[in-house]
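Derivation of every value follows stated rules applied to the coordinates shown; laboratory data play no part. Here the structure is a predicted model, which means the values were calculated and not measured. All Cβ positions, glycine included, derive from the backbone under ideal geometry; neighbour counts span all protein chains shown.
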Amino acid sequence: MDACFDILIIGCGAAGSSAAFAAKKTSPALSVCVLGSEDLPVYSAPALPDLLSGELSREGVFVRERSDYESAGIVLRLGETVRAIDPERREVHLESGEALRYGELILATGSQPIRLRRMQGTDLPGNFVMKSMADVDAMAAYGGSRAVVVGSGAIGLEGSMALKARGFEQVTLVEALDWLSPKSLDKETSDELAAVLESFGVEVLTGEAVQGVLGETRVTGVRTAKRDIPCDLVLWGIGMRPDVELAKAAGIPLGQLGAIRVDERMCTGLSHVYACGDCVESTDALTGKPAVHLFWEPAQRGGSVAGANAAGADEVYQGSLAVFLTNKGGLSILALGKTAREITPEERVILQEKRDGVFRRLLLEDGYLAGVQTVGSLADADLLCAVLKRNAERSNGWSLAVPVPEECRCSVRDVMRFLRRQRRG
Amino acid sequence: MKRLSFDPARCSLCGACALACSLSRCGRPEPAESRIRIECAGPDEPLRSAVCAHCEQPACVSACMRGIIEKDEKSGLVTRRWENCFACGACAVYCPVGASSQEPSKKAFTACDLCGGDPLCVAVCPSGALRFEEDAEGSARRRSAYAGRFFGSGGDKAQERPGLPSQADWERIASAVGGRLGVAVDPESLADACSRQRKAWEEEGM
Ligand SMILES: Cc1cc2nc3c(=O)[nH]c(=O)nc-3n(C[C@H](O)[C@H](O)[C@H](O)COP(=O)(O)OP(=O)(O)OC[C@H]3O[C@@H](n4cnc5c(N)ncnc54)[C@H](O)[C@@H]3O)c2cc1C
């Protein structure tokens with residue numbers, strides 16, 4: 001007879017692991033099993049840059065130890081990959097050939113780094129991504145002294161700083177678009193950020209698409225539209241894509257953005273199947289629109305909701321925020337809400353200041369705070385985040401959102417003073 | 001559970017709470033090391049305390065990228081193993097009350113742990129603005145204060161801030177802090193440090 005679990009979870013990342021513990025907490029009598037391809041219990045991917053830089057030890061990256069699962073009564077099967085799901089028979093098939101039966105299934109398969117396989121040279125030794133601990137180990141073992149980092153999202157930014165801190169002599173960050181992290185930052189903020197990166201010795205090239213990787217037997221350089229940059233390794237940070245292969249093959253409905261569609265209880269369109277984490281499409285808490293948020297907080301919280309509900313609870317997941325946050329090695333950036341391009345010019349007021357080394361840019365839409373970008377400090381992050389969330393509820397009718405009065409729309413200071421006054425108790 | 005509660009109408013912004021907190025955390029009167037902050041948005045504005053509320057559904061727990069913040073089901077406390085913090089800052093961004101900040105001496109983000117059940121800030125607060133009380137008591141008091149603002153003494157804005165601690169108060173505060181830390185604390189230098197703290201808070205609000 002095949003083994004059967006009341007709750008079976010695929011993926012032992014932030015989402016799958018949270019789901020397992022929440023399920024056990026909700027209903028200790030149920031049997032819970034987590035399957036994970038990586039032979040490691042959940043660790044903090046956001047801490048990987050610190051592992052790469054040498055700031056953290058391997059132990060410093062783990063979130064749970066194997067013994068934690070054991071003492072919670074969770075069956076942990078690591079190094080096991082699911083090959084297929086048979087929703088009719090409520091079975092999953094492992095690569096080893098074994099089949100497992102489930103009462104409820106939770107998909108927490110996460111995301112995969114995007115790779116440009118067709119681009120010349122991307123199959124040479126010396127091409128790296130940074131998704132897993134194995135990726136960091138491989139990069140560390142490969143060595144070198146000159147690196148090109150492609151892409152300026154969180155991974156590109158943190159990766160380039162980490163390589164520099166690791167002792168690389170030359171680190172060049174290349175971004176094809178006109179400025180850094182354009183999905184989250186305006187040009188002005190990007191300029192501030194570029195100055196910080198350069199002060200740490202990272203060379204920043206924007207508006208320069210990579211055309212190919214150079215080298216015969218291993219990477220020796222990168223060719224952009226404007227130049228050849230000699231290097232020993234390339235770190236690709238051009239984005240992550242939800243891992244939905246298993247779900248797609250099993251006929252689990254995807255959303256309009258291509259990730260697994262879930263309702264507010266984290267149920268997929270197929271009965272007895274839940275999903276959570278980087279592989280799902282849920283709701284953006286600010287816009288109310290469908291969103292795929294590849295972030296830690298939604299993975300943990302969504303995982304907890306999915307796990308609890310699979311175990312019989314009735315919890316609700318109220319969507320998530322896209323929080324662009326980096327706070328390491330002297331680099332502090334926070335970006336929340338809309339960028340300038342997402343607000344019509346007639347409705348937009350943009351205020352910006354730099355005081356005591358801290359850059360702040362606030363965007364008002366129709367008088368309401370709608371976007372925040374800061375470089376250099378996380379001070380007041382909580383206040384700004386809380387105000388943005390409150391303003392997003394504006395469409396509900398009963399919201400407590402308050403516009404910034406006309407007379408306070410002159411400077412960042414005035415707006416901050418107003419927001420502080422609003423917050424009391 | 002028993003939580004800290006703050007009555008803005010009674011607070012003189014004397015700074016003793018934060019000073020005592022930072023002394024007990026790092027042995028120095030260092031505002032950035034305090035786990036309680038009083039926010040002052042202007043001379044006539046009501047004050048606000050920024051300190052961990054040990055929320056029922058704490059946002060910091062799922063935000064923490066190292067999984068070191070937990071809600072203890074029995075005691076209700078939100079605890080953190082800050083020794084393992086890698087300072088990602090997510091707890092500070094997601095906290096709805098601004099209770100989490102980076103303690104420079106530890107590099108870690110921390111929040112109030114209620115001193116294990118006997119908060120020093122409450123022991124030193126000279127005006128009774130800070131209390132350590134059961135939820136029910138606190139909410140009853142807040143309700144009546146709220147009603148008082150509407151029907152009684154006319155709005156929180158008009159209220160005068162209570163006077164600063166007297167010499168005798170400072171002596172009492174110094175001996176409470178000293179007693180807890182097992183060192184002698186000079187009331188005068190404590191008062192000086194607190195007054196710097198107060199100015200800093202007032203400037204933050206400007
Ligand atoms: C370098 C880096 C830095 C980051 N920094 C931040 C940050 O600063 N802030 C932030 O909010 N987020 C950050 N993130 C994103 C954050 O880490 C992710 O959103 C989060 O880890 C998602 O968790 P998850 O459990 O959904 O997915 P994953 O972590 O991708 O876990 C999925 C797991 O499922 C396993 N799996 C997949 N398919 C199968 C299968 N068929 N069988 C068995 N197992 C399977 C995978 O091997 C993997 O272990 C960062 C990510 C990286 C890589």
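Fewest-first ordering of A:Cys276, B:Cys26 by other beta carbons within 10 Å of each residue's beta carbon gives B:Cys26, A:Cys276. Which of A:Ser37, A:Ala275, A:Leu177 sits farthest toward the positive end of the charge dipole of the protein assembly as shown, with +1 on the Cβ of Lys and Arg and -1 on the Cβ of Asp and Glu? The residue sitting most towards the positive pole is A:Leu177.
The spacing between region A:209-237 and region B:37-101, judged by their C-alpha centroids, is 44 Å.
Please sort through the DSSP H helices of chain A and keep those with an alpha-carbon extent of at least 20 Å along the long axis and a Kyte-Doolittle average not below -1.0. Could you put the intermediate results ahead of the total?
Values: long enough: A:296-310 (21 Å, -0.54).
Span-like helices here: A:296-310.
Modelled this way, with points 7 Å down the Cα-to-C-beta line, the labels at A:Ile350 and A:Val75 are 5.7 nm from one another.
So how strong a dipole does the protein assembly as shown carry about its Cα centre when Lys and Arg Cβ are +1 and Asp and Glu Cβ are -1, to the nearest 20 debye?
Numbers: 74 positive and 85 negative charges, 144 e Å.
Using only the charged Cβ atoms, the result is roughly 700 debye.
With an 8 Å Cα cut-off and a minimum separation of 6 or more residues, compute the relative contact order for chain A in percent.
Numbers: 983 pairs, mean separation 64.4, N = 425.
For chain A, the relative contact order is 15 percent.
Taking 0.36 nm per residue of sequence separation and subtracting the Cα-Cα distance, how much length would be gained by fully extending the chain between A:Asp191 and A:Glu342, in nm to one decimal?
Numbers: separation 151, 0.36 × 151 = 54.36 nm, distance 1.92 nm.
Contour length minus Cα-Cα distance gives 52.4 nm.
What longest region of chain B stays clear of GluC sites (Glu not before Pro) that DSSP places outside H, G, I, E and B and that have at most 10 other Cβ atoms within 10 Å? The longest such stretch corresponds to B:74-159.
Only sites in a loop by DSSP and with at most 13 other Cβ atoms within 10 Å count here; which chymotrypsin sites (Phe, Trp or Tyr not before Pro) in region A:323-425 make the cut?
Values: sites: A:Phe324, A:Phe359, A:Tyr368, A:Trp398, A:Phe418; in loops: A:Trp398.
Of the chymotrypsin sites (Phe, Trp or Tyr not before Pro), the ones in loops of region A:323-425 whose Cβ has at most 13 other Cβ atoms within 10 Å are A:Trp398.
Label separation (B:Ala184 vs A:Asp228): 7.6 nm, computed from points 7 Å beyond Cα along the C-beta direction. When A:Lys131, A:Lys354 are arranged by Cβ crowding within 10 Å, least crowded first, meaning fewest neighbours, the order is A:Lys354, A:Lys131. Placing +1 on each Lys and Arg Cβ and -1 on each Asp and Glu Cβ, with no other charges, gives region B:53-111 a dipole about its Cα centre of roughly 180 debye. Normalised Debye scattering of region A:115-236 at q = 0.10, 0.18, 0.23 Å⁻¹ gives log10 I(q)/I(0) of -0.27, -0.90, -1.44, counting only Cα atoms as equal scatterers and leaving out solvent. Across the alpha-carbon set of chain A, the Rg to Rh ratio works out to 0.99, Rh being the Kirkwood radius. Measuring nothing but how far apart in sequence close Cα pairs (under 8 Å, 6+ apart) lie, relative to its length, region B:53-111 scores a relative contact order of 31 percent.
Pairwise Cα separations in region A:338-424 fall into 10 Å bins from 0 onward with the following percentages, short to long: 17, 54, 27, 2.
Just flag the trypsin sites (Lys or Arg not before Pro) in region A:146-239 sitting in loop per DSSP whose Cβ has no more than 15 other Cβ atoms within 10 Å.
For trypsin sites (Lys or Arg not before Pro) across region A:146-239 that sit outside H, G, I, E and B with at most 15 neighbouring Cβ atoms in 10 Å, the list reads A:Lys183, A:Arg218, A:Lys226, A:Arg227.
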